[in-house]
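> Can you read through this structure? Questions will come right after.
The values are calculated or read from the model by the stated rules, or taken from the named source; none is laboratory data. Keep in mind the model is a prediction, meaning the values are calculated, not measured. Methodologically, a virtual Cβ is constructed for each residue, glycine included, from the backbone with ideal geometry; neighbour enumeration extends over all protein chains shown.
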Amino acid sequence: MRLLQSVLVRLATTAVTLFGLAVIVFVVIRVVPGNPVAMMLPPGATEADVARLSALYGLDKSIFQQFLIWAGGVLQGDFGTSITARQPVLELVLGRLPATLELSIMALIIAIVIGGLAALTGTRLRGTRVEGGIDVANGVALSVPDFLWGLVLILLFGVLMPVFHISGRVTPSLELPFVTEFYLFESVVRLRFDLWSDIVAHMFMPALALAIPLSAIIGQLLKQSLKETMHLDYVTLSRTKGYGETHVILREALPNAALPTLTLVGVQFTFLIGGTVIIERLFSYEGLGNMAIDAVINRDLPLIQGIVILFAVIFTGVNLFVDMMYAALNPRLRHA
Amino acid sequence: MSYLEIDRLTVRLKGGGTLLRAVSLQVAAGEVRGLVGESGAGKSMIGKAVLGILPRAAEVVSGRIVLDGVDLLTLPPAERRRRVGASCALIPQDPLTALNPSRRIGPQITDRLVDILRWNRGRAEGRARELLAEVHIPDPDRVMRCYPHELSGGMRQRILIASAFAAEPKLIVADEPTTALDVTVQKQILKLIKEMQLRHGTALLFVSHDLGVVSKVCQSLTVLYAGMVLEDAGIGDFFRAPRHPYSAALLAATPKYTDPTAGLIPVPEAVLAAVRAEVAAADRRAGHV
């Protein structure tokens, strides 16, 4: 009951956020220089051509009128038509969304695994050289941005030791039996591990590039919280019961130490999704981020609006999910 | 023969400070021994050394800790942990921080029985229910399903006491078990510890800075200063006539609750100076300074 109530409140505030965001994006992309009509017409087009085309897309109306028309459509599920692709924006965007979701979730999983292992190993072997090594590695991973890691990975595993594919989402010559755009997921469901391995070989490097900085953040924060938790009385009490270090870390310390990290992962995951824009470009990965860059270059106003709104919806959804996870992991919040 | 025998145990900080100076003491089976001294005297350190939970910065440099005939310090770590876990237990100081906030009460009592002593879960849970009833907790089944934050400090200390007795240990270290509690609850908890100790015949190492409490619970006591044993006496002898001047001063400094107007009496400076000289002399003899 309480949960339902808090979810409803969150949805209401989300609606307000989305509206504000829509207004800002709508105005900004129309105020900045460069307009889609000029991009479409060949050189030497007359003033009359420009006016006719502007009228066709409704760009001759005031921004306020344009917004009303667009917002009216959105409320009925119509996000307009892409100027460059001449297809409904919703269709285009939803078509690309699965690729980006799979990439970001894979990156998140990699980040949690690497960061978690680094933190646990560092805690288990605290005070040794291994811990020092982990700290140094964390520092390096954190101070280099994801797109640079992308370039490093391309150089290492795409050029010097070509074990992964450096571009695209799947080898184009492959026959794909998929009905959804969730290639990775569907290949597992259909037990097509030949396709699965090809998809992973394409996805691994961009996902790893996105994951490295986040794994360093997770590793550092989790190790710090574990370190503090290891001094607490209930951990000491558990030792007196006859438990060894590994058990004490995993069962007594980790569940409590994971809470602050979880909040951070939620926030950082939204940054990671933002990071897909550049990484997808770098690896020519056919996702939402790559589409966003094309849309901006072509001044495809409806498409930009659609993508931004969708990103905002994802961010809010992630935050809501994190809050619910937090309540599930922390018994003190469950009844509060 | 005593159940626990600590023989010239010296513990030092890795940085250099000495925490325990050749401490020797014995606890017979079923005996309740008080460890008293001011803050930093090393009384908690003795319990920690026995249980193997010394801070990482501290290390045993010499001495023996013989538990039931076996020197714990010669055992490999895993074997030592198992042995201590099966035969000793700790009643911690602060019940608010000694239970894991994200685990239910039941498993926190039964985990040692199931994981270390290999009981089956049903038997362990039955045992936990029995113990909770012994420490006068109404509705043990409900409490076992609770999280620590749902229970009061007094309740939590009762649970920790029950948990300490779970594996029928031969020795329990009670590390100032009432210091963090409300004065009104303190009395009940002390009574409960004594009651449980008598029922189970467990030896108790009772760490306290409160001589009044020690006089009620213990049969014998060890007075420490700066990690050195100053006096080792039966409780009756000690309160009639403490042998060491520092012990006498400590006894005189104990507030008398019967006379609220009386001021606090500090340990006289001359006595402290004499004790410090004694510690320094012992250090010189032992060759560490």
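> In the range B:58-78, which residues are outside any strand (DSSP E or B), more than 10 Å from every other protein chain (Cβ to nearest Cβ) and surrounded by fewer than 19 Cβ atoms within 10 Å (Cβ to Cβ)?
Taking the range B:58-78 as the starting set, the residues that turn out to be outside any strand (DSSP E or B) are B:68-69, B:72-78.
Still in the list and also more than 10 Å from every other protein chain (Cβ to nearest Cβ): B:68-69, B:72-76.
B:D68, B:G69, B:L73, B:T74, B:L75, B:P76 - these are the residues of the range B:58-78 that are outside any strand (DSSP E or B), more than 10 Å from every other protein chain (Cβ to nearest Cβ) and surrounded by fewer than 19 Cβ atoms within 10 Å (Cβ to Cβ).
> Quick one: in the range A:236-266, which of the residues that are without any contact (Cβ under 8 Å) to a residue 40 or more places away in the chain and of a type in the set (A, V, I, L, M) is nearest to the other protein chains (Cβ to nearest Cβ)?
The residue in question is A:L237.
Residue-wise test of (1) within 20 Å of A:T17 (Cα to Cα); (2) polar (S, T, N, Q); (3) within 14 Å of another protein chain (Cβ to nearest Cβ); (4) assigned to a helix (DSSP H, G or I).
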| position | (1), (2), (3), (4) |
| --- | --- |
| A:V296 | no, no, no, yes |
| A:R299 | no, no, no, no |
| A:P302 | yes, no, no, yes |
| A:Q305 | yes, yes, no, yes |
| A:V308 | yes, no, no, yes |
| A:I314 | yes, no, no, yes |
| A:N319 | yes, yes, no, yes |
| A:D323 | yes, no, no, yes |
| A:A327 | no, no, yes, yes |
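> Separate question: Which of the following residues is of a type outside the set (F, W, Y), part of a loop (DSSP other than H, G, I, E, B) and either over 17 Å from the mean Cα position of the chain (by Cα) or surrounded by fewer than 22 Cβ atoms within 10 Å (Cβ to Cβ) (or both): B:P177, B:P255?
Among B:P177, B:P255, only B:P255 is of a type outside the set (F, W, Y), part of a loop (DSSP other than H, G, I, E, B) and either over 17 Å from the mean Cα position of the chain (by Cα) or surrounded by fewer than 22 Cβ atoms within 10 Å (Cβ to Cβ) (or both).
> Have a look at B:I137, B:I161 and point out the one that is touching a residue at least 24 places away in the same chain (Cβ under 8 Å) and more than 24 Å from B:I53 (Cα to Cα).
Numbers: B:I161 fails: more than 24 Å from B:I53 (Cα to Cα).
Result: B:I137 is the single residue among B:I137, B:I161 that is touching a residue at least 24 places away in the same chain (Cβ under 8 Å) and more than 24 Å from B:I53 (Cα to Cα).
> Let me ask you something else. Regarding B:L192, is this residue farther than 18 Å from B:L25 by Cα and either crowded, with 18+ Cβ neighbours inside 10 Å or without any contact (Cβ under 8 Å) to a residue 60 or more places away in the chain (or both)? Steps first, answer last, please.
On the way: farther than 18 Å from B:L25 by Cα: yes; either crowded, with 18+ Cβ neighbours inside 10 Å or without any contact (Cβ under 8 Å) to a residue 60 or more places away in the chain (or both): yes.
In short, yes.
> Next question, about the same structure. Could you grab the pairs with beta carbons closer than 7 Å, sequence gap of 6+ or different chains, first residue in the range A:63-83 and farther than 18 Å from A:V16 by Cα, second one among the charged types (D, E, K, R)?
Close Cβ pairs (under 7 Å, with a partner that is among the charged types (D, E, K, R)) amount to A:I63/A:R30; A:S82/A:D300; A:I83/A:D300.
> Sticking with this structure for a sec: Out of everything in the range B:104-128 that is of a type in the set (D, E, K, R), assigned to a helix (DSSP H, G or I) and facing another protein chain (nearest Cβ under 9 Å), what residue ends up being nearest to the chain's Cα centre (by Cα)? I'd like the intermediate steps shown before the answer.
The first filter runs over the range B:104-128 and keeps only residues of a type in the set (D, E, K, R), leaving B:104, B:111-112, B:115, B:118, B:121, B:123, B:125, B:127.
Now restrict to residues that are assigned to a helix (DSSP H, G or I): B:111-112, B:115, B:121, B:123, B:125, B:127.
Cutting the leftovers down to facing another protein chain (nearest Cβ under 9 Å) gives us B:111-112, B:115.
Numbers: B:D111: 22, B:R112: 19, B:D115: 24 Å.
Per the stated criteria, the residue is B:R112.
> Enumerate the pairs (first residue in the range A:131-145 and part of a loop (DSSP other than H, G, I, E, B); second residue anywhere and among the β-branched types (V, I, T) and buried (at least 16 other Cβ atoms within 10 Å of the Cβ)) with beta-carbon separation below 8 Å, excluding pairs fewer than 6 apart on the same chain, so at least 6 apart or on different chains.
Taking only residues 6 or more apart or on different chains, the pairs are A:V144/A:I212.
> Being assigned to a helix (DSSP H, G or I) and more than 7 Å from chain A (Cβ to nearest Cβ) is the filter here; which residues of the range B:82-92 pass it?
B:R83, B:S87
> Now, a different point. Output the residues belonging to the range B:93-103 that are more than 8 Å from chain A (Cβ to nearest Cβ) and within 17 Å of B:L131 (Cβ to Cβ).
Here is the first cut: in the range B:93-103, the ones more than 8 Å from chain A (Cβ to nearest Cβ) are B:95-96.
Correct list: B:P95 only.
> Something else: Determine whether the range A:186-193 contains at least one residue that is modelled with pLDDT of 90 or more, within 16 Å of the chain's Cα centre (by Cα) and either closer than 28 Å to A:I314 by Cβ or away from chain B (no Cβ under 14 Å) (or both).
Within the range A:186-193, not a single residue is modelled with pLDDT of 90 or more, within 16 Å of the chain's Cα centre (by Cα) and either closer than 28 Å to A:I314 by Cβ or away from chain B (no Cβ under 14 Å) (or both).
> Also, quick follow-up: Of the conditions (1) surrounded by 15 or more Cβ atoms within 10 Å (Cβ to Cβ); (2) in a helix (DSSP H, G or I), A:A85 clears all except one; give me its number.
Here A:A85 clears every test but (2).
> So which residues in the range B:142-152 are more than 13 Å from chain A (Cβ to nearest Cβ) and either closer than 17 Å to A:L237 by Cα or assigned to a helix (DSSP H, G or I) (or both), if there are any at all? Don't jump to the end; show me each part of the working.
Going residue by residue through the range B:142-152, those that are more than 13 Å from chain A (Cβ to nearest Cβ) are B:142-144, B:152.
Of everything in the range B:142-152, those that are more than 13 Å from chain A (Cβ to nearest Cβ) and either closer than 17 Å to A:L237 by Cα or assigned to a helix (DSSP H, G or I) (or both) turn out to be B:R142, B:V143, B:M144.
> Looking only at residues in the range B:171-191 that are within 14 Å of chain A (Cβ to nearest Cβ) and either acidic (D, E) or touching a Ser or Thr at 6+ places or on another chain (Cβ under 6 Å) (or both), which one is nearest to B:L211 (Cα to Cα)?
Keep residues of the range B:171-191 that are within 14 Å of chain A (Cβ to nearest Cβ), which gives B:171-177, B:179-180.
Going one step further and asking which of them are either acidic (D, E) or touching a Ser or Thr at 6+ places or on another chain (Cβ under 6 Å) (or both), we end up with B:172, B:175-176.
Details: B:I172: 19, B:D175: 14, B:E176: 12 Å.
Residue satisfying both the conditions and the ranking: B:E176.
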